[in-house]
Amino acid sequence: MTGRKRVETDAAARSIRLEFVERPDAGSLEEAASLLGIPPASLVKTLVVKRHDGSYLFALIPGDRQISWTKLRAVVGVNKLRLPEAHLAFHATGYERGTITPLGSSTSWPVFADERIIGRRIAMGAGEHRLSAFVEADELIAGFDATVADISD
């Protein structure tokens, strides 16, 4: 099953409306946001984060911000978190970097969303390169029963 189909199927099962938008390759997040006609804050990065025990979680971070490891560790309640190597992120999700989304992930890991995405229509990875998925952040948060907190700087 294609990445797009996995995303679409999972979104439907979670009652999350989405819109796919094809776009050319982009050299940066800012360029991708410009191609989509949105501010960088509306292009949400889905980061795969590895816990010390070998499990993972997703962190949803607005494109104009960076993950705050101190804040995320406090919310998760652990002392150690890290970004895994690309092959480990692929193994954990079934998606390549640049396409990662919690929607349709090969494993349904917990989702932690930065509070700044609440109430916004956001774009995010859609399981395939040169493709973005627009979703209502509140539907995404509800669909995953995500933990919402201040996890970025």
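Some notes on this structure:
- The H on the amide N of residue 45, modeled in the peptide plane, is under 5 Å from the matching H of 61, 63, each at least 5 residues off or on a different chain.
- Treating r as the C-beta distance of residue 53 and residue 129 and R0 as 30 Å, the FRET efficiency rounds to 0.45.
- With the simple model of a label 7 Å out from the Cα in the direction of the Cβ, residue 28 to residue 87 spans 3.1 nm.
- Dipole moment magnitude, nearest 20 debye, the chain about Cα centre, only Lys, Arg, Asp, Glu C-beta charged: 340 debye
- Straightening the chain between residue 96 and residue 65 buys 9.0 nm, computed as 0.36 nm per residue apart minus the Cα-Cα spacing.
- In order along the range 13-26, the Karplus-derived 3J(HN,Hα) couplings, from 6.51 cos²θ - 1.76 cosθ + 1.60 at θ = phi - 60°, round to 5, 9, 6, 10, 6, 9, 10, 8, 10, 7, 8, x, 4, 10 Hz, and Gly and Pro are given as x.
- Modelled FRET efficiency - R0 22 Å, residue 80 with residue 118, Cβ distances, 0.05 increments: 0.20
- Column: log10 I(q)/I(0), Debye, Cα scatterers of the range 3-149, q = 0.08, 0.15, 0.16, 0.19 Å⁻¹: -0.19, -0.70, -0.80, -1.17
- In the range 62-153, the GluC sites (Glu not before Pro) that fall in loop regions by DSSP, at most 11 other Cβ within 10 Å: 85
- Taking the DSSP bridge list for the chain and keeping only pairs wholly inside it, about 75 percent are antiparallel.
- Once the Cβ-Cβ distance of residue 5 and residue 147 is raised to the sixth power relative to R0 = 22 Å, the FRET efficiency obtained is 0.20.
- Contour excess over end-to-end distance, with Cα ends at residue 35 and residue 73 and 0.36 nm allotted per residue: 10.3 nm
- Length-normalised contact order of the chain in % [C-alpha pairs under 8 Å, at least 6 apart]: 32 percent
No value in this document is a laboratory result; all are computed from the given coordinates. Note that the structure is predicted; figures quoted are calculated from it, not measured. Quick reminder, even Gly has a Cβ in these numbers, built from the backbone with ideal geometry, and neighbours come from all protein chains shown.
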